[in-house]
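Only one structure is covered here, and it is reproduced in the block below.
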Amino acid sequence: MAAAARPGSPHGATDALGCAAMFAEFARTASPRAPLYQALAAGIAEDQGLAALLLHAPPQQRQPVLLLASVHYLLLRGRDGTGLGTHYPNLTPPGLAHGDPVPALRAFCARHHDELVSLLASRSTQTNEIGRCSVLLPAFGLLGDEVGPLSHLDVGTSAGLNLLLDRYEYVYDPGGIVGGPSPVRLECDTRGAVPVPVTMPAIAERRGLDRSPLDVHDPDQARWLEACVWPDQTERFTRLRAALALAREAELEIHQGLAVADTAPLVLSAAAHPVVTNTWVLNYLSSADRRAYVAALEDCGRRRDLSWVFAESPRFVPELPVRDREETATVLVLVRWRARRRTVHQLARCHPHGYWLHWT
C-alpha cells in the first residue's frame with residue numbers, strides 16, 4: 001500500500017473516517033450521468049458505519065465503487081427486500097423511484113451485511129468498460145499505419161472485452177463512423193485533431209492477462225461484470241451484453257497471471273508488433289509494483305520494438321511516464337520503443353468511460 005496515498009486513491013483509507021472521505025470525494029466528482037451513485041455516495045459519506053464496510057476489502061481494492069458494485073450484484077441476484085432496487089434505473093421502469101434512496105440503502109446493508117462482507121473480501125472491481133475502446137482506437141490506428149499488423153496484449157483484461165476493439169462500431173462526433181456493422185456501437189465526442197482511422201487496424205493476435213480473469217461463459221461472473229456498471233447508464237448494460245456474446249464466440253486467449261511477472265513473456269513471444277494496453281488498472285497496483293512494471297516494459301523495449309498505450313489518471317499513477325503527475329483527468333499516453341530508444345507522447349485527455357476524447 002502506498003504510504004502517501006490520497007483520500008481519493010484506492011489505497012487511501014485505513015479507517016472509517018478515511019472511507020467516508022473517499023465516498024465524499026466520489027460524490028463530489030460523480031458525473032451528472034450517475035445521479036443515483038452520487039446520492040448513495042453522499043449518504044455513505046455521512047454514515048461512518050456504512051463507510052466502514054469498505055474496510056473488509058483488501059487495501060488495494062478499497063474504493064467506493066467496490067461497495068457500490070457489491071450492493072448492485074446482490075440486487076441483480078434479486079436479493080432486495082428493502083425497496084432499494086426501485087431506485088436503480090436499470091432494474092426499475094422509468095419514473096417509478098421517488099425520494100431519497102439512502103434509508104433503503106441502510107436497510108439493505110443491514111439485511112445483507114454478511115453477504116456484503118464476503119463480497120468485499122473476495123471480489124475486485126473490473127475495468128472492462130468497453131467504451132474505453134473509443135479512446136484506444138485512434139492510437140491503434142496510428143500504430144497500424146506505422147508498423148502494420150499488431151499483437152494486442154491487454155494487461156488487466158478482466159473478461160478480455162477490450163481485445164475485441166476491432167469488432168465494434170464507432171461513431172466519432174466529429175470524425176465519422178469506423179467499423180461495423182456490429183451489435184456493439186460506441187459513441188464518442190471529440191475535440192482537436194483526433195486521428196480517427198479510416199479503416200480498422202489489422203489485429204494479428206489478441207491476448208489478455210489478468211490476476212483474476214472472468215469467464216464470459218459463467219453466468220455469475222458475467223453478472224459481476226454487470227454489477228460493476230453504474231446503474232444510471234442503462235445503455236452500457238446493452239452494449240456489455242452484446243460484447244459478452246461476441247467474446248463467447250471469439251474464444252479469447254486469456255492468461256491468469258501478474259502484471260509485473262507475466263507481461264514480459266507474452267510481449268516477447270508476440271507474433272506481430274506487440275501493443276500493450278492498460279485502462280484504469282495500474283492504479284490498483286502498489287507504487288513499487290508500478291515501478292517494477294515500467295522496468296519490465298523497459299527491458300522488453302531493449303529486446304524488441306514495442307508500443308504501450310495506457311489511459312490512466314496521473315495523480316494515482318505518478319510512477320508512469322506522464323507529463324503532469326498531479327493531473328486528475330484520465331490521459332491517453334503512447335510510449336514507443338524503437339531500436340531500443342523510448343519516446344513518450346501524451347496524446348489526449350479523455351472521459352474514463354470513453355464518452356469524450358480531447359486530442360492534445
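FYI, it's all coordinate maths here, none of it is from the lab. Since the model is a prediction, treat every value here as computed from it, not as a measurement. Glycine gets a Cβ as well: all are built from the backbone with ideal geometry, and neighbour counts include every protein chain shown.
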Inset, instruction - Would you mind checking region 286-328 for residues with the amide N under 19 Å from a putative spin-label position 7 Å along Cα→C-beta of R340? - result: 295-307
Inset, instruction - May I ask for the angle, rounded to the nearest 10°, between helix 133-147 and the longest principal axis of the chain, with both axes built from Cα atoms and the value confined to 0 to 90°? - result: 10
Legend entry - Which label in [x] 15; [y] 21; [z] 28 gives the computed percent of Cα pairs over 35 Å apart: [y]
Legend entry - Under 5 Å, built H, 5+ apart or other chain: amide partners of H273: S151
Legend entry - the chain - mean residue ellipticity at 222 nm from DSSP helices (-39,500 (n - 2.57) per run, n ≥ 4, rounded to 500): -11000 deg cm²/dmol
Inset, instruction - Could you calculate the contour length gain from R79 to D220, that is, 0.36 nm times the residue separation minus the distance between their Cα atoms, to one decimal place in nm? - result: 49.3 nm
Legend entry - Separation of the E249 and E327 label points, Cα + 7 Å toward Cβ, nm: 3.7
Legend entry - Separation between Cα centres of region 245-280 and region 61-125, rounded to whole Å: 33
Inset, instruction - Using label points projected 7 Å from each Cα along Cα→Cβ, tell me how many nm separate E46 and A204, to one decimal. - result: 5.9
Legend entry - Label-point gap, in nm, between T360 and D100 - each point 7 angstrom along Cα→Cβ: 4.0
Inset, instruction - Can you tell me the relative contact order of the chain? Whole percent, Cα pairs under 8 Å, sequence separation 6 or more. - result: 16
Inset, instruction - Using a 10 angstrom cutoff on alpha carbons, build the Gaussian network for the chain and name the most mobile of V331, V147, V155. - result: V147
Inset, instruction - Multiply the residue gap between A193 and A271 by 0.36 nm, knock off their C-alpha separation, and tell me the result in nm, one decimal place. - result: 24.9 nm
Inset, instruction - For helix 234-250, report the angle its Cα long axis makes with the longest principal axis of the Cα atoms of the chain; keep it between 0 and 90° and round to the nearest 10°. - result: 50
Legend entry - C-alpha center-to-center spacing [region 300-360, region 194-229] in angstrom: 20
Legend entry - 12 Å reach of a label modelled at S286, 7 Å along Cα-to-Cβ, counting backbone N of region 56-96: 59-60
Inset, instruction - Please determine, in degrees from 0 to 90 and to the nearest 10, the orientation of helix 287-301 with respect to the longest principal axis defined by the Cα atoms of the chain, where the helix direction is its Cα long axis. - result: 20
